[in-house]
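Please read the structure below before turning to the comments.
The values are calculated or read from the model by the stated rules, or taken from the named source; none is laboratory data. What you see is a predicted model; the values in this text were computed from it and never measured. As a convention, Cβ positions derive from the backbone with ideal geometry for all residues, glycine included, and neighbour counts pool all protein chains shown.
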Amino acid sequence: MKIGIVCYPTYGGSGVVATELGKALAEKEHQVHFITYSPPVRLDFLSKNLFYHEVSVSDYPLFEYPPYELVLSSKLVDVVKYEKLDLLHVHYAIPHASAAYMAKQILASQGIHIPFITTLHGTDITLVGKDPSFEPVITFAINQSDAVTSVSESLKEDTYTNFPKVDKQIKVIPNFICLNDYSFENVKCEKKMYAPNGERLLIHISNFRKVKRVEDVLRVFDKVRKTMPAKLILVGDGPEKGNIEKLCRQLDTCGDIRSLGNIVNPEHILSIADLFLLTSETESFGLAALEAMASKVPVISTNSGGLPEINVNKFSGFMSAVGDVEEMAKNAIHILKDDSTLNTFKSNAYEQAKKFDIDKILPMYEELYREVRSKSKAL
Ligand code: GMT
């Protein structure tokens with residue numbers, strides 16, 4: 001099949017999922033065309049079946065806000081027509097679903113029929129999408145999609161709650177990891193680089209937005225390091241980074257914290273970690289937690305959104321109410337207190353991650369593609 005994938009090419013989970021999906025489809029001999037404003041960061045793989053089409057928005061003094069969505073729609077029309085695509089798969093509703101709808105209508109006026117699938121990822125529904133100014137367009141674009149998927153049951157429910165006029169059936173296809181990438185054979189990182197005296201190594205990875213509550217990560221870590229030698233690695237970058245640095249200084253923890261910025265392939269750094277902290281206010285899925293589990297790293301997380309669908313309490317880690325740093329610290333200390341408990345949680349985390357291997361999830365997308373394509377041909 002010839003598939004066009006639209007996504008944000010950045011470090012966020014939706015871009016990672018879209019890119020890894022495209023890479024896996026290309027390996028199965030589908031032809032995959034990424035249509036984005038820059039090459040996706042995880043597109044670190046060469047294949048005869050992978051193509052990249054840049055959406056480039058020209059600047060003009062009149063445009064205070066360059067019309068990205070229109071340029072994307074035009075590019076979709078162009079790529080569908082000239083590459084003879086069979087379907088479009090857009091990740092993150094805003095503005096990709098409405099851009100795909102517009103492209104579909106333009107192509108229909110020229111006698112070309114292209115179905116499009118929208119995958120909802122989280123903040124497009126739970127945060128950004130809730131802004132009332134987006135509501136009519138998002139509801140319309142979701143309802144007009146040929147198929148809609150969400151990355152968790154929780155996100156599916158949130159969509160129906162936040163967008164009461166959505167009447168489209170939503171299929172849950174969970175996010176995934178490519179377990180083969182976590183083989184530890186080619187690891188380029190040694191634990192003693194960051195924990196020179198055998199300290200326990202805790203890690204947090206995110207885009208440092210308010211929703212991640214990274215201040216809770218610091219507070220949990222502060223309690224842990226008061227009971228045992230420990231270090232914390234922060235991966236990622238975002239608007240809260242400055243506040244987090246201030247809090248490190250207030251808590252006097254800076255000496256035990258290393259901030260690494262964005263990392264394209266987190267499996268190297270995860271391979272040396274003992275515990276992953278994810279303290280988000282809400283998380284539709286929590287791909288970073290799954291990536292940690294695939295690296296045999298147990299997870300202390302909140303119990304919000306889709307996190308209970310991946311983290312199994314008392315098995316792959318623990319879950320607590322949002323903001324309950326006391327309990328999160330107590331559970332972290334329980335996991336880290338001795339090697340035998342830590343090793344049990346590590347292997348449990350890996351067992352749990354296996355359920356989300358790409359081998360199990362890819363066929364769900366392929367089946368949906370076939371369904372959507374045959375329905376569209378029958379019209
Ligand atoms: O976390 C973010 O704000 C970024 C966002 C994205 O677009 O990458 O993440 C969302 O999609 C990921 C991939 O499906 C999910 O794993 C994240 O849980 C979800 N983030 C939130 O719901 C806050």
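State the number of residues belonging to the range 36-82 that are under 24 Å from GLY111 (Cβ atoms) and touching a residue at least 60 places away in the same chain (Cβ under 8 Å).
4
Test of understanding: among ASP158, ASP146, which residue is acidic (Asp, Glu) and more than 16 Å from the ligand (Cβ to nearest atom)?
It is ASP146.
Name every residue in the range 350-371 that is buried (at least 16 other Cβ atoms within 10 Å of the Cβ) and either hydrophobic (A, V, I, L, M, F, W, C) or on the phi > 0 side of the Ramachandran plot (or both), in order of residue number.
Scanning the range 350-371 gives ALA353, PHE356, ILE358, ILE361, LEU362, LEU368.
One residue is enough: does the range 184-200 have a residue meeting the conditions surrounded by fewer than 22 Cβ atoms within 10 Å (Cβ to Cβ) and in contact with a Pro (Cβ under 6 Å, 6 or more places away or on another chain)?
The answer is yes; a qualifying residue exists.
Name the residues in the range 28-56 that are farther than 14 Å from VAL6 by Cβ and either crowded, with 16+ Cβ neighbours inside 10 Å or in contact with a His (Cβ under 6 Å, 6 or more places away or on another chain) (or both), would you? Steps first, answer last, please.
So the first thing to find is which residues in the range 28-56 are farther than 14 Å from VAL6 by Cβ, and the list is 28-31, 41-42, 44-50, 56.
HIS30, GLN31, VAL41, ARG42, ASN49, LEU50, listed by residue number.
Go through the range 161-177 residue by residue and tally those that are surrounded by 13 or more Cβ atoms within 10 Å (Cβ to Cβ) and either at pLDDT below 95 or among the basic types (Lys, Arg) (or both).
Restricting attention to the range 161-177, the residues satisfying the condition of being surrounded by 13 or more Cβ atoms within 10 Å (Cβ to Cβ) are 162-163, 166, 168, 170-177.
In the following step, the residues that additionally are either at pLDDT below 95 or among the basic types (Lys, Arg) (or both) were identified as 162-163, 168, 171.
Selection size over the range 161-177: 4.
Just give me the residues in the range 248-287 being within 19 Å of MET328 (Cα to Cα), more than 14 Å from the chain's Cα centre (by Cα) and within 16 Å of the ligand (Cβ to nearest atom), in sequence order.
Hits for the range 248-287 are PHE276, LEU277, THR279, GLU281.
Out of curiosity, is LEU307 surrounded by 18 or more Cβ atoms within 10 Å (Cβ to Cβ), within 13 Å of the ligand (Cβ to nearest atom), on the phi < 0 side of the Ramachandran plot and in the same structural domain as GLU199 (by TED's automatic domain parsing)? Working first, answer last.
Numbers: surrounded by 18 or more Cβ atoms within 10 Å (Cβ to Cβ): yes; within 13 Å of the ligand (Cβ to nearest atom): yes; on the phi < 0 side of the Ramachandran plot: yes; in the same structural domain as GLU199 (by TED's automatic domain parsing): yes.
Against the criterion (surrounded by 18 or more Cβ atoms within 10 Å (Cβ to Cβ), within 13 Å of the ligand (Cβ to nearest atom), on the phi < 0 side of the Ramachandran plot and in the same structural domain as GLU199 (by TED's automatic domain parsing)), LEU307 qualifies.
If only one of SER284, SER347, SER301, SER374 is touching a Leu at 6+ places or on another chain (Cβ under 7 Å) and either surrounded by fewer than 18 Cβ atoms within 10 Å (Cβ to Cβ) or in a loop (DSSP other than H, G, I, E, B) (or both), which one is it? Please lay out each step first, then the result.
Details: SER347 fails: touching a Leu at 6+ places or on another chain (Cβ under 7 Å); SER301 fails: either surrounded by fewer than 18 Cβ atoms within 10 Å (Cβ to Cβ) or in a loop (DSSP other than H, G, I, E, B) (or both); SER374 fails: touching a Leu at 6+ places or on another chain (Cβ under 7 Å).
From the options SER284, SER347, SER301, SER374, the qualifying one is SER284.
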